[in-house]
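Beneath this line is the structure, given in structure tokens, with notes to follow.
None of the figures in this text is laboratory data; all of them are computed from the coordinates on show. Owing to the predicted nature of the structure, the values given are computational and were not obtained by experimental measurement. Please note: Cβ atoms are built from the backbone with ideal geometry, for glycine as well, and neighbour counts cover all protein chains shown.
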Amino acid sequence: MAAVDDLQFEVIYLCQMDLQMRLFRVYSKEFGNAATSVAANPDATTVSIEDPGETPKHQTGTLRGSGREEDDELLGNDDSDKTELLAGQKKSSPFWTFEYYQTFFDVDTYQVFDRIKGSLLPIPGKNFVRLYIRSNPDLYGPFWICATLIFAIAISGNLSNFLIHLGEKTYHYVPEFQKVSIAATIIYAYAWLVPLALWGFLMWRNSKVMNIVSYSFLEIVCVYGYSLFIYIPTAILWIIPQKAVRWILVMIALGISGSVLAMTFWPAVREDNRRIALATIMTIVLLHMLLSVGCLAYFFDAPEMDHLPTTAAIPNQTVAAAKSS
């Protein structure tokens, strides 16, 4: 019996050893193939087995980095700072070359529409420059917005005058083409001179108070240009010959565009003296109000034109002369 038991034990032992050798060969072959693939492709993804109780350090860094990236994205600091550094590294062309001014119009349709939407729907607590402009300020949008607004005001003013006097026998319509040049002077002077004055003021205050947020002249022009877009549909609706409707429209447009300007430039002056900061914002809003109310009063609420009574008296004089003869 002892011999039989020893024989059974040896058979079982040999089977176990054979099975272990086969498993070892299979695992060695698999690990050899994995090592070969990793050597051929160093960027391949590998799986490492770690202690469950140990917290991986690289995962913590990734989580912290993603949280910082989210904060920078909300504040608009990271992308804008990188863009400014890259812009400073670019080789700028001389100002008398075409390439120098071409960079101011290097913007696509999506960016223009996005900035127009941002000027129509201001987000409380969000800076328009940080959110839309700082990555790539342009002059394409402000230039064409001002040009469209000029023709909208001039044409709508002529149509409004025509509709008011439509049906009057003594009224003779005469197109007022000078309104185009007057509107162009007003709009472009406002869109360039006011930002220039504001930029100079902010630069002066920045030399007095070191932690004031600074904007470039191109960024300020861009903000003012896009803030005027709301007045294009407003000028078209001013054709309605009702003063109450016109004043409601101008108040809505003034509230939207004025809030864009106030929320954009308040961070630039809030660290300054309280009175100076409030006076600056009030001046910006008052100048904007003066533009809108002035355009409404001059182009749409102008005094009525003469009804040409002299032309009506000429036929009567001719008839009287014929009767006397």
May I have the convex hull volume per residue, in Å³, for the Cα set of region 202-306? 114 Å³
So which trypsin sites (Lys or Arg not before Pro) in region 164-262 pass both tests, a DSSP loop state and at most 11 other Cβ atoms within 10 Å of the Cβ? Lys169
Highest mean first, what order results for 182-192, 255-265 on Cβ atoms within 10 Å? 255-265, 182-192
Enumerate the calculated ³J(HN,Hα) couplings along region 184-195 in order (Karplus 6.51 cos²θ - 1.76 cosθ + 1.60, θ = phi - 60°), each rounded to whole Hz, writing x wherever the residue is Gly or Pro. 5, 4, 5, 5, 6, 5, 5, 6, 10, 6, 5, x
Normalised Cα Rg of region 208-260, dividing by 2.2 N^0.38 Å with N its residue count, works out at 1.57
For region 164-229, divide the Cα radius of gyration by the Kirkwood radius and give the resulting Rg/Rh value with two decimals. 1.34
If each of Ile240 and Phe201 carries a label point 7 Å out from its Cα toward its Cβ, how far apart are those two points in nm? 3.4 nm
Loop-resident sites, region 162-246, for GluC sites (Glu not before Pro), counting at most 15 other Cβ within 10 Å (DSSP): Glu168, Glu176
Using a basic spin-label model with each label point 7 Å from the Cα along Cα→Cβ, how many nm lie between Leu120 and Met17? 8.6 nm
